[in-house]
Amino acid sequence: MVNIYHENDGDLNVLKGKTIAIVGYGNQGRAQALNLRDSGLNVIVGNRDDDYKSIAQEDEFETFSIQEAVKEADVVFILIPDEIMQDVFESSIKPNLTENDAIVFASGYNVGFDLLNLPENIDILLLAPRMIGVGVREKYLDGEGFFSFIAVHQDHSNNALQIILALSKGVGTLKKGAIEVTFKMEAELDLFNEQGFGPAFGRVLLSAIHTLIDAGYPPEAVLVEMYMSGEMSYTYQAMAKVGLVKQVNFHSQTSQYGSMSRGIRFRKLPLKPKMEEILEEIQSGEFTKEWEKSLTKLKFKLIKFFATKQKINRIENEVRESLGLKEYDVYEGEPPTEEEMKELKEISEELKVFEKYYK
Ligand code: NDP
């Protein structure tokens with residue numbers, strides 16, 4: 001049985017007299033810092049000297065360098081991108097921790113896959129919202145709360161569960177529910193959503209778009225129908241509110257009959273075996289090992305370059321212009337340099353497959 005914690009399970013008094021440092025004032029950092037402070041807790045911010053730090057100052061937080069903030073605090077939230085966490089943890093966080101401090105992650109990745117060299121005399125906790133930063137703040141303010149995954153990886157104080165429950169209450173997640181998992185489980189679920197579900201969904205969406213455009217429908221109408229209207233997000237919200245299947249009741253009778261009667265034709269798509277293969281790679285650590293290699297970072301650069309050159313990007317740009325939609329300055333994908341291409345030579349056959357796939 002999984003443990004699910006609610007409002008009455010957390011006691012803010014557990015954090016009385018403790019200073020909480022938020023390291024990283026980005027998406028999650030800002031939202032969680034504001035929520036914890038509004039819950040009456042003593043919060044400071046540690047960030048590099050730049051725009052994020054200025055925002056924290058405008059929000060009237062006492063700000064420090066990362067090193068100083070960790071020194072000042074009893075509880076340290078590490079809310080920086082997962083990719084740089086190993087370096088920042090070793091250089092700025094770990095040397096400034098003291099016995100009985102607690103560190104709190106919002107993602108299970110680095111601890112779950114053993115990528116950090118963790119001290120033994122502290123508590124190691126997870127509070128991973130299933131919600132983007134803006135939502136973490138909004139759902140706190142409107143009192144609804146949001147789901148999170150929480151975990152205790154190391155309980156040095158013998159009070160770690162009470163500490164993470166108090167922090168969960170302060171951040172506002174207990175209003176909706178905090179589900180107890182392990183760090184590895186959180187990371188695996190997150191990676192699977194990104195690798196096992198996301199690309200399959202993207203493939204289905206692209207197939208539908210190309211089927212309609214090839215059949216002669218105007219791209220403007222096709223993209224608006226398929227996703228640009230934003231209607232899909234309401235369907236997702238309805239799934240969360242009333243149920244995956246029951247949400248069909250929000251659609252017309254024709255829509256319900258059409259999707260239910262035609263659904264059966266897609267039953268033989270070999271999705272589950274592929275998804276199981278991807279899950280196995282995640283669970284065994286094979287994916288993490290691959291991603292941690294420096295050659296993979298170069299491979300990623302090239303794949304991203306191919307992907308952002310896909311036909312759909314051109315179609316989308318034209319549609320956005322014709323619909324008068326705001327242009328977003330999103331990174332388009334730079335090709336690797338000549339030097340980098342030389343390094344990639346040893347995997348050139350594999351890369352050709354990607355190039356062909358994204359054509
Ligand atoms: P952001 O990218 O929004 O946060 C960036 C923060 O990290 C900024 O304060 C930035 O400050 C700091 N930072 C970036 N690079 C460095 C560096 N080299 N050295 C020191 N500080 C640095 O991150 P998120 O809020 O998206 O993610 C934080 C954690 O939350 C991650 O573990 C993520 O997995 C998790 N999470 C994120 C969710 C989301 O919706 N985004 C949802 C749930 C969990 P500056 O660049 O100014 O130094």
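Numerical summary
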| read-out | value |
| --- | --- |
| Elements of type helices (runs of 4 or more DSSP H) contained in the stretch 275-346, each with 1 or more residues being touching a residue at least 24 places away in the same chain (Cβ under 8 Å) and exposed (fewer than 12 other Cβ atoms within 10 Å of the Cβ) | 311-322 |
| Neighbours by Cβ (under 8 Å, 6+ apart or cross-chain): first from the stretch 10-33, assigned by TED's automatic domain parsing to the domain that holds Leu174 and over 16 Å from Ile150 (Cβ atoms); second among the acidic types (Asp, Glu) and assigned to a helix (DSSP H, G or I) | Thr19/Glu72; Ala21/Glu72 |
| Subset of the stretch 22-80 that is near the ligand (Cβ under 8 Å from one of its atoms) and in a strand (DSSP E or B) - its residue that is nearest to the chain's Cα centre (by Cα) | Ile78 |
| Among residues of the stretch 158-209, those that are within 16 Å of the ligand (Cβ to nearest atom), surrounded by 20 or more Cβ atoms within 10 Å (Cβ to Cβ) and on the phi < 0 side of the Ramachandran plot, counted | 12 |
| Selection status of Gly333, touching a Ser or Thr at 6+ places or on another chain (Cβ under 8 Å) and either farther than 26 Å from Gly196 by Cα or small (Gly, Ala, Ser) (or both) | yes |
| When residues of the stretch 81-114 are limited to those that are assigned to a loop (DSSP other than H, G, I, E, B), in contact with a helix residue (DSSP H, G or I) (Cβ under 6 Å, 6 or more places away or on another chain) and within 12 Å of the ligand (Cβ to nearest atom), the one least open to solvent (accessible area, probe 1.4 Å) | Gly108 |
| Subset tally (residues that are open to solvent by less than 50 Å² (accessible area, probe 1.4 Å), within 12 Å of the ligand (Cβ to nearest atom) and more than 17 Å from Ile163 (Cα to Cα)) for the stretch 117-136 | 3 |
| Leu167, sole failed condition from (1) of a type in the set (A, V, I, L, M); (2) assigned to a helix (DSSP H, G or I); (3) over 20 Å from Ile78 (Cβ atoms) | (3) |
| Only one of Glu68, Glu58, Glu62, Glu72 that is more than 24 Å from Thr173 (Cα to Cα) and in contact with a Phe, Trp or Tyr (Cβ under 7 Å, 6 or more places away or on another chain) | Glu72 |
| Residue within the stretch 58-68 that is more than 14 Å from Tyr25 (Cα to Cα) and open to solvent by less than 20 Å² (accessible area, probe 1.4 Å) present | no |
| Test: residue in the stretch 226-240 that is more than 25 Å from Ile213 (Cα to Cα) and open to solvent by less than 80 Å² (accessible area, probe 1.4 Å) | yes |
| Answer residue from the stretch 1-31, given it is polar (S, T, N, Q) and over 16 Å from Glu62 (Cβ atoms) and is most open to solvent (accessible area, probe 1.4 Å) among those | Asn8 |
| Near pairs, Cβ below 7 angstrom, 6+ apart or cross-chain, from the stretch 121-135 (in contact (Cβ under 8 Å) with a residue 12 or more places away in the chain) to any residue that is open to solvent by 10 Å² or more (accessible area, probe 1.4 Å) and basic (Lys, Arg) | Met131/Lys139; Gly133/Arg30 |
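The values are calculated or read from the model by the stated rules, or taken from the named source; none is laboratory data. Please read these numbers as outputs of a predicted model, since none were measured by experiment. Every residue, glycine as well, gets a Cβ built from its backbone with ideal geometry; the counts of neighbours run over all protein chains shown. Heads up: the accessible areas ignore ligands, DNA and RNA and are worked out on the full protein's heavy atoms, side chains in. Shrake-Rupley method; radii C 1.70, N 1.55, O 1.52, S 1.80 Å.
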